[in-house]
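Chemist: A single structure is presented below for examination.
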Amino acid sequence: MFGQRKIAAWAAAALVAGASVACGNHNTGAGLAPRASASGSRTITREMITKWNILDAYDAVERAGGYKLAAGGGGQVSVSQRRGQSSLRNSNADRPVLVVDGSMLTDFSALRQIRATQIERIDLLSSSDATQRYGTSSSGAGAIVVTTGGQR
């Protein structure tokens, strides 16, 4: 009995600390649609990345939808809001937070450097989930969180 309480307490602590819980639409047909949580956050799994036959993290985020990515000169990548929000582009307040293996990055061209074979999962966090996890720096634009196979 004590062991079950300890496990339940550990699970509750993990949730409070921000561990993601898969919920929402589990019947995704051929596994081609990111699973959405009640808050609007979505997860792109390794299985989906394989089925989509993509090259890199940029392609995965673009395929999942929600953010408009644009490749510019010199290899720069610009990103604008999730669909359905303000049409302002490229101001820091309207850019999602980018986190790769726990490190916050400001250069979205890093998404082009992460090969599909390296990706374990990509979480597209809603603004509320991003603010909870990363503070007010997400400013309503959410977060793109990439976890590679080396980071578990």
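The values are calculated or read from the model by the stated rules, or taken from the named source; none is laboratory data. This is a predicted model, so every value here is computed, not measured. Every residue, glycine as well, gets a Cβ built from its backbone with ideal geometry; the counts of neighbours run over all protein chains shown.
Chemist: When you go through (1) among the β-branched types (Val, Ile, Thr); (2) under 11 Å from the mean Cα position of the chain (by Cα); (3) at pLDDT 95 or above one by one for residue 114, which number turns out not to apply?
Modeler: Residue 114 satisfies every listed condition except (2).
Chemist: Let me ask something else. Please go through the stretch 86-106 and give me each residue that is in a loop (DSSP other than H, G, I, E, B) and either at pLDDT 90 or above or touching a helix residue (DSSP H, G or I) at 6+ places or on another chain (Cβ under 8 Å) (or both), ordered by number.
Modeler: Matches in the stretch 86-106: 86, 88, 96, 101, 102.
Chemist: Out of all the residues in the stretch 107-146, which are among the aromatic types (Phe, Trp, Tyr) and part of a strand (DSSP E or B)? Can you show your working first?
Modeler: First pass over the stretch 107-146, keeping only residues among the aromatic types (Phe, Trp, Tyr): 108, 134.
Across the stretch 107-146, there are no qualifying residues.
Chemist: If a residue has to be surrounded by 17 or more Cβ atoms within 10 Å (Cβ to Cβ) and modelled with pLDDT under 60 to count, how many in the stretch 57-76 make the cut?
Modeler: So the answer is 0.
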